[in-house]
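Before any comments, here is the structure.
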Amino acid sequence: MRIDAAVLRAADAPYTIETLDLRDPGPGEVVVRIAGVGMCHTDLVGRVPGDLVPKPVILGHEGSGTVEAVGPGVPGLSPGDHVVMSFDSCGTCDNCRAALPGNCPRMAALNMVAAPLDGTPRVTAADGEAVHNRWFGQSSFATYALGTPRNVVPVRPDVPLELLGPLGCGVQTGAASVLISLGVRAGDGIAVFGAGAVGLAAVMAARVAGATQIIAVDLHASRLDLARELGATHVLNGADDDIAGQIRAISGGEGVQYSFDTTAVPEVVSTAVACLRTTGVCGLVGVGAKEYRLDANLLLMGRTVKGIIEGDAVPHTFIPRMIELWRQGRFPFDRLIQTYPLDQINQAEADAASGRVVKPVLLP
Ligand code: CXF
């Protein structure tokens, strides 16, 4: 079938909108007609110079839409179903079986390479050129995308479908890190570093959990204002002096039980550890750092640093839960979103990079 897609042809090129051919779904494949697709910071990995992500490629990994067609051997999904597309996982390793699909050993190979697993292209340009389209098992900066039952999550039909895509990655990562991986409980304190989509989802989830100190740290005043509206009890400008000391002062002198870094900036991660009380846990989800410097004595006193992928969520159960919280008015993730037509993708990318927009969602 014919599709329109935003194609990245070189690491430093703008996206170009192209008409391409998508082959019919094979065994275990699902075609989704995309209603909306979020732009996530991880899509910028496609812009890292070199062959890490081969080009030309269709990126996009926060798609939502309706099932258009299913291949043989796809139980439980039918044309017309409303779905959110999430990350892919093998489903058979120890971690997948233990409900930790984000820690599937094949995570990178299945999600972050985008080349066809069997070498057979599924998307081609008019001249037969292959366009890589397995980014997070979806490549959804397009009118249609191919997924599998592992990463295509059915959702109730009476919610605004075009806004749901970010629940498949960024919003899921922030919320599930707080509710599942860190397990924040009523009365706990948490400091959230970086008030982008992931950090603000963490703030909303901390409020859902009943945290009594929710401290958001960012450089943008507008994001700190939004953090306050979404549940932060305190906001701090990260450019101020002694952020760890300020957080300890807010939390009775001892520090917070939890901190959560979305920035991957080494100095910020050091602060995120330094603001913890003894036995506190710092969750890390930021992408792009090579090394962190950690204070050995702080760690010795029972503190934990935990790397987290996708919040340790199982998308098929966690995405419907976020939708229920949204329906109750307790998880207003739509406040993070600004929509753009797909052909405005370069503007959307620029607005996210400048910090003007928290979560662009493209409408193909
Ligand atoms: C990613 C972060 C990097 C590892 C794979 C999952 N999450 C969202 O983009």
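Summary table below
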item	result
Residue match in the range 148-169 (condition: of a type in the set (Lys, Arg), within 16 Å of the ligand (Cβ to nearest atom) and in contact (Cβ under 8 Å) with a residue 40 or more places away in the chain)	yes
Some residue of the range 111-131 being over 30 Å from Pro14 (Cβ atoms), among the small types (Gly, Ala, Ser) and either within 13 Å of the ligand (Cβ to nearest atom) or part of a loop (DSSP other than H, G, I, E, B) (or both)	no
Only listed residue being of a type outside the set (S, T, N, Q), more than 13 Å from the ligand (Cβ to nearest atom) and in contact with a helix residue (DSSP H, G or I) (Cβ under 8 Å, 6 or more places away or on another chain), chosen from Gly137, Gly91	Gly91
Selection from the range 288-325 of residues that are exposed (fewer than 14 other Cβ atoms within 10 Å of the Cβ) and within 13 Å of the ligand (Cβ to nearest atom)	Gly288, Gly307
Breaking point among (1) surrounded by 24 or more Cβ atoms within 10 Å (Cβ to Cβ); (2) not charged (D, E, K, R); (3) not in a helix (DSSP H, G or I), for Gly252	(1)
Residue in the range 104-118 that is without any contact (Cβ under 8 Å) to a residue 24 or more places away in the chain, among the polar types (S, T, N, Q) and closer than 28 Å to Phe260 by Cβ present	no
Verdict on Val184 being over 19 Å from the mean Cα position of the chain (by Cα), away from the ligand (no atom under 16 Å from the Cβ), in a loop (DSSP other than H, G, I, E, B) and surrounded by 17 or more Cβ atoms within 10 Å (Cβ to Cβ)	yes
Unmet requirement for Pro14, which otherwise passes all of (1) loosely packed, with under 15 Cβ neighbours inside 10 Å; (2) assigned to a strand (DSSP E or B)	(2)
Selected residue [farther than 17 Å from Phe136 by Cβ and buried (at least 19 other Cβ atoms within 10 Å of the Cβ)] from Val53, Val74, Val57, Val32	Val74
Condition broken by Val48, with the remaining ones in (1) of a type outside the set (Asp, Glu); (2) over 24 Å from Gly128 (Cα atoms); (3) exposed (fewer than 14 other Cβ atoms within 10 Å of the Cβ); (4) more than 16 Å from the ligand (Cβ to nearest atom) satisfied	(4)
Residue among Ala99, Ala108 that alone is within 13 Å of the ligand (Cβ to nearest atom), outside any strand (DSSP E or B) and either loosely packed, with under 15 Cβ neighbours inside 10 Å or of a type in the set (A, V, I, L, M) (or both)	Ala108
Residue satisfying all of: in the range 56-79; assigned to a loop (DSSP other than H, G, I, E, B) and under 30 Å from Glu349 (Cα atoms); nearest to the ligand (Cβ to nearest atom) among these	His61
Qualifying residue in the range 205-219 (condition: buried (at least 24 other Cβ atoms within 10 Å of the Cβ), β-branched (Val, Ile, Thr), modelled with pLDDT of 95 or more and in a helix (DSSP H, G or I))	no
Leading residue by the ranking (farthest from the chain's Cα centre (by Cα)) among those in the range 255-285 that are within 16 Å of the ligand (Cβ to nearest atom) and buried (at least 20 other Cβ atoms within 10 Å of the Cβ)	Val269
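The values are calculated or read from the model by the stated rules, or taken from the named source; none is laboratory data. Owing to the predicted nature of the structure, the values given are computational and were not obtained by experimental measurement. With ideal geometry, Cβ positions are generated from the backbone for all residues, glycine too; neighbour counts draw on all protein chains shown.
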